[in-house]
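Asks: Below is one structure. I have some questions about it.
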Amino acid sequence: MPINNVEHGMISSRARERMVRKQLVERGIIDPRVLTVMRSVLRHLFVDEALAGRAYSDMSLPIGEGQTISQPFIVARMTESLQLLGDEEVLEIGTGSGYQTSVLAGLCRKVYTIERHQKLAEKARRKLRNLNIHNVIYRTGDGTLGWPEPRLFDRILVTAGAPVVPENLIDQLAVDGFLLIPEGGAESQELVRLIKQKDGSIKREILELCRFVPLVGAKGWAEKE
Ligand code: SAM
């Protein structure tokens, strides 16, 4: 017998609660605001229906165009590492499914997000509009070049792996701002946090090892033939 919406809602809310406890809290995510948002964003709505049953599993999942929605833990870790207080303007490179975008939108004033695949960008925009998330501005294009209009961001989050940190992104980081980016080889990277100091110099921290799909663009990896 097919389950109804109420039953489905209860199952997914239990699955989310379990995801937060087992995958996030037990692995050291402690920011209560991040945990609250991770509990409230419905990850199963960001994957195809056929994959919805695995939406709260400890893994990334395909979203089309050869791309993935990131593992919940890495979304939480990156979000926590941004130390958002609520008033920030955040630039996200790699909208993907829009899941991470929704998490950010719940924790800051405005998200500016860029995705290079038109199809994914359109799908994410529609999804967030249907979820009544309105503090997001979308662009389709090459995020390695930064936001197309001149602007400084309090936080910049790159959700794909770069060979080196694109200079254009460092230029668009405000003083005291954080830029979080997976940097390294095509197969594995280090999650790096750059903090822009008052004198314009950059403090660099390595947070952990990670594995992301490549950041493809003029200041990233070349597109595979
Ligand atoms: N955070 C996303 C989510 O929650 O679904 C997952 C992002 S996925 C791991 C990385 C995304 O970065 C892909 O959608 C990919 O198309 C995008 N991407 C790769 N290079 C890009 C670039 N130069 N500019 C914009 N987006 C890019």
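Asks: Residues with beta-carbon under 10 Å from that of Cys210, excluding Cys210: net charge, scoring Lys, Arg +1 and Asp, Glu -1? Can you show the working numbers first?
Replies: Working: positive: Arg77, Arg211; negative: Glu183, Glu190, Glu208.
So the environment of Cys210 carries a net charge of -1.
Asks: Which residue, Arg129, Arg77, Arg16, tops the fluctuation ranking in a GNM of the chain built on C-alpha contacts under 10 Å?
Replies: Arg129
Asks: Just Lys198, Lys123, Lys110 to compare: in a GNM of the chain, with alpha carbon springs under 10 Å, which one fluctuates most?
Replies: Per the Cα network of the chain with a 10 Å cutoff, Lys198 tops the list.
Asks: Could you tally the net charge around Ile195, taking each other residue with its Cβ under 11 Å from the Cβ of Ile195, Lys/Arg +1 and Asp/Glu -1? All intermediate terms of the calculation are to be shown ahead of the outcome.
Replies: On the way: positive: Arg155, Arg193, Lys196, Lys198, Lys203, Arg204; negative: Asp176, Glu205.
Around Ile195, the charge tally is +4.
Asks: Normalised by the residues of the chain, what does the relative contact order come to in percent, with Cα pairs under 8 Å and at least six apart?
Replies: It comes to 13 percent, rounded to a whole number.
Asks: Now, a different point. Based on DSSP, what percent of beta bridges with both residues in the chain are antiparallel, to the nearest 5? Show your work: numbers first, answer last.
Replies: Working: 18 of 39 bridges.
The antiparallel fraction comes to roughly 45 percent.
Asks: About the Cα centre of the range 92-203, what is the dipole size in debye to 20, counting +1 per Lys and Arg Cβ and -1 per Asp and Glu Cβ, all else neutral?
Replies: 640 debye
Asks: Which residues does a label at Lys22 reach in the range 60-94, if reach means a backbone N under 15 Å from a point 7 Å past the Cα toward the Cβ?
Replies: Counting only backbone N, you get 60, 72-73.
Asks: Something else: Over the range 111-225, what is the mean sequence separation of C-alpha contacts under 8 Å (at least six apart), divided by residue count, expressed as relative contact order in percent?
Replies: 22 percent
Asks: Once the other residues with Cβ under 15 Å from the Cβ of Leu84 are scored (Lys, Arg +1; Asp, Glu -1), what is the net sum?
Replies: Values: positive: Arg33, Arg77, Arg109, Lys110, Arg155, Arg193; negative: Asp31, Glu80, Asp87, Glu88, Glu89, Glu92, Asp154, Asp176.
Combined, the nearby Lys, Arg, Asp and Glu give -2.
Asks: Hey, another quick one. Rounded to the nearest whole Å³, what is the per residue volume of the convex hull around the Cα atoms of the range 90-169? Don't skip to the answer; put the middle values down first.
Replies: Details: hull volume 6.7 nm³, N = 80.
Normalising the Cα hull of the range 90-169 by residue number yields 84 Å³.
Asks: Taking the square root of 5 times each eigenvalue of the Cα gyration tensor, what semi-axes in Å does the equivalent ellipsoid of the range 167-225 have, largest first?
Replies: Three semi-axes, in Å: 24, 15, 7.
Asks: Considering the chain, what Rg and Dmax in Å follow from its alpha-carbon atoms?
Replies: According to the Cα coordinates of the chain, Rg and Dmax are 16.9, 64 Å.
Asks: Something else: Can you pull the percent of Cα pairs in the range 14-128 with separation above 24 Å?
Replies: Of all Cα-Cα distances in the range 14-128, 20 percent exceed 24 Å.
All of the numbers you see were taken from the coordinates with simple rules; none came from a lab. Keep in mind it's a predicted model, so treat the numbers as computed, not measured. No Cβ is skipped: glycine too gets one built from the backbone with ideal geometry, and neighbour counts run over all protein chains shown.
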